[in-house]
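The values are calculated or read from the model by the stated rules, or taken from the named source; none is laboratory data. All values derive from a computational prediction rather than experimental measurement. In this analysis, Cβ positions are derived from the backbone assuming ideal geometry, glycine residues included, and neighbour counts consider all displayed protein chains. Note: accessible area is taken over every heavy atom of the protein model, side chains too, but ligands, DNA and RNA are not part of it. Shrake-Rupley method; radii C 1.70, N 1.55, O 1.52, S 1.80 Å.
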Amino acid sequence: MKTIYINDFKTGDNVTDFFMLNNLTRKVGSTGKPYLDMTLTDKSGKIAGKKWDVSKDDELLLSNVENGIIVKVSGSVTSFNEQPQFRIGQIRRAMGDELTRLGIDVDDFVRRAPEKSGEMFKYLCSVAEAMKDEDFKMVALKALIDNKERIISHPAAISNHHSLYGGLLYHMKRMVEHALVLCDIYKILNRDLLVTGTILHDIEKLNEIEANKMGIGTGYSMEGKMLGHLVMGAKTVSRWCEELRVGDEKSLMLQHMMLSHHGKLEFGSPVRPIFPEAMMLHYIDAMDANMYDMEEALNQVASGGYTEPIRTMDNRRLYKPTWANDSNE
């Protein structure tokens with residue numbers, strides 16, 4: 001079995017164990033020498049890894065790597081900019097049935113959403129079933145039921161927010177919870193339209209992002225690279241509405257929500273939201289993504305410390321107050 005998990009790391013520890021490898025890249029340091037930059041993960045968390053002495057074997061690993069492979073790593077835990085970092089001495093792929101012989105389960109490496117996928121899926125189906133508008137109910141249930149097998153494990157991203165097993169489902173579920181509360185506050189909102197748009201908004205990430213059964217995003221499909229999930233989503237919603245004989249107005253409004261939920265042209269939306277439900281979808285999408293990124297970053301620092309710059313939030317470094325509970329309980 002694994003001997004140590006990432007959330008148990010302490011500065012100064014010498015560690016030799018297996019981890020999942022993600023985002024391995026070759027970079028060049030200020031001295032002109034190459035080094036390897038990577039993220040190591042297990043079910044407890046993730047840590048940035050650096051290997052400063054790059055051998056021929058390391059170059060071979062780099063040329064054949066994909067996200068989600070299991071590697072055996074030896075090194076020491078250090079600190080950089082108040083953040084834990086793993087200084088790697090040796091790294092290699094896990095060999096053959098090595099993990100099985102050592103009694104190490106693949107689940108030891110899989111970062112999962114904090115709620116069970118089956119329960120989240122049932123919740124979303126129950127919310128869809130409760131809709132009064134039969135058209136929106138049909139479209140929402142089709143999106144969920146037709147995609148049940150893949151949506152249970154699929155991540156919402158390769159490396160950004162909700163990039164974990166069941167991440168897409170977790171993102172959708174929390175957004176729907178927000179949508180229901182906000183409909184009670186802002187009476188102008190149509191509950192069934194907003195909830196349907198929320199369930200649908202990222203559904204084409206299932207086809208944009210290529211992922212394995214462990215919920216690890218391994219790359220983007222050709223259609224994902226060419227069109228992206230917003231355009232893909234609008235096309236899919238149009239097809240579903242035609243199949244279900246949903247009227248043109250409702251179909252177009254749902255398609256607009258797919259295309260506009262990033263909010264601005266510079267964020268990838270070809271159009272900006274032009275009705276309340278579309279605007280609210282953009283707000284709750286951005287809110288859930290930002291809060292997830294904040295939570296992930298703050299979980300990596302002690303009270304009174306600052307996070308690493310967060311790329312998705314204008315490279316801000318967040319502060320964790322001294323009275324915060326480090327255990328996050």
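Test each condition in (1) more than 17 Å from residue 162 (Cβ to Cβ); (2) in contact with a Leu (Cβ under 8 Å, 6 or more places away or on another chain); (3) among the hydrophobic types (A, V, I, L, M, F, W, C) for residue 279 and report the one that comes out false.
Here residue 279 clears every test but (2).
Condition first: modelled with pLDDT of 95 or more, open to solvent by less than 50 Å² (accessible area, probe 1.4 Å) and more than 20 Å from residue 171 (Cβ to Cβ). Now tell me which residues in the stretch 254-301 satisfy that.
255, 256, 275, listed by residue number.
For the stretch 164-186, which residues satisfy the criterion of being open to solvent by 30 Å² or more (accessible area, probe 1.4 Å), within 30 Å of residue 22 (Cα to Cα) and not in a helix (DSSP H, G or I)?
165
Are any residues in the stretch 187-208 open to solvent by less than 10 Å² (accessible area, probe 1.4 Å) and either of a type in the set (Val, Ile, Thr) or over 26 Å from the mean Cα position of the chain (by Cα) (or both), and if so, which ones?
195, 196, 198, 199, 203
For the stretch 214-254, give me each residue that is in a helix (DSSP H, G or I), among the hydrophobic types (A, V, I, L, M, F, W, C) and touching a residue at least 12 places away in the same chain (Cβ under 8 Å). Let's see the steps before the verdict.
Residues of the stretch 214-254 that are in a helix (DSSP H, G or I), as a first pass: 222-226, 228-243, 248-254.
Those left that are additionally among the hydrophobic types (A, V, I, L, M, F, W, C): 222, 226, 230-232, 234, 237, 240-241, 252-254.
Within the stretch 214-254, 230, 231, 232, 234, 237, 240, 241, 253, 254 qualify.
Quick check on my filter: what residues within the stretch 1-24 are in a strand (DSSP E or B) and farther than 19 Å from residue 94 by Cα?
First, the residues of the stretch 1-24 that are in a strand (DSSP E or B): 14-24.
Selection gives 14 alone.
Starting from the stretch 99-113, take each residue that is closer than 14 Å to residue 69 by Cα and open to solvent by less than 30 Å² (accessible area, probe 1.4 Å) and list its partners that are assigned to a helix (DSSP H, G or I) and of a type in the set (A, V, I, L, M), counting only C-beta distances under 9 angstrom and pairs at least six apart or across chains.
99/106; 108/99
For residue 306, are the conditions met, namely being open to solvent by 70 Å² or more (accessible area, probe 1.4 Å) and under 30 Å from residue 48 (Cα atoms)? Let's see the steps before the verdict.
Numbers: open to solvent by 70 Å² or more (accessible area, probe 1.4 Å): yes; under 30 Å from residue 48 (Cα atoms): yes.
Yes: the conditions hold for residue 306.
For residues in the stretch 82-98 being part of a loop (DSSP other than H, G, I, E, B) and without any contact (Cβ under 8 Å) to a residue 40 or more places away in the chain, which is surrounded by the most Cβ atoms within 10 Å (Cβ to Cβ)?
First pass over the stretch 82-98, keeping only residues part of a loop (DSSP other than H, G, I, E, B): 82, 94-97.
From what's left, without any contact (Cβ under 8 Å) to a residue 40 or more places away in the chain: 95-97.
Numbers: 95: 10, 96: 8, 97: 8.
Across the stretch 82-98, the extreme among qualifying residues is 95.
For the stretch 209-249: of the residues being more than 15 Å from residue 68 (Cα to Cα) and among the hydroxyl-bearing types (Ser, Thr, Tyr), which is most open to solvent (accessible area, probe 1.4 Å)?
Here the residue is 238.
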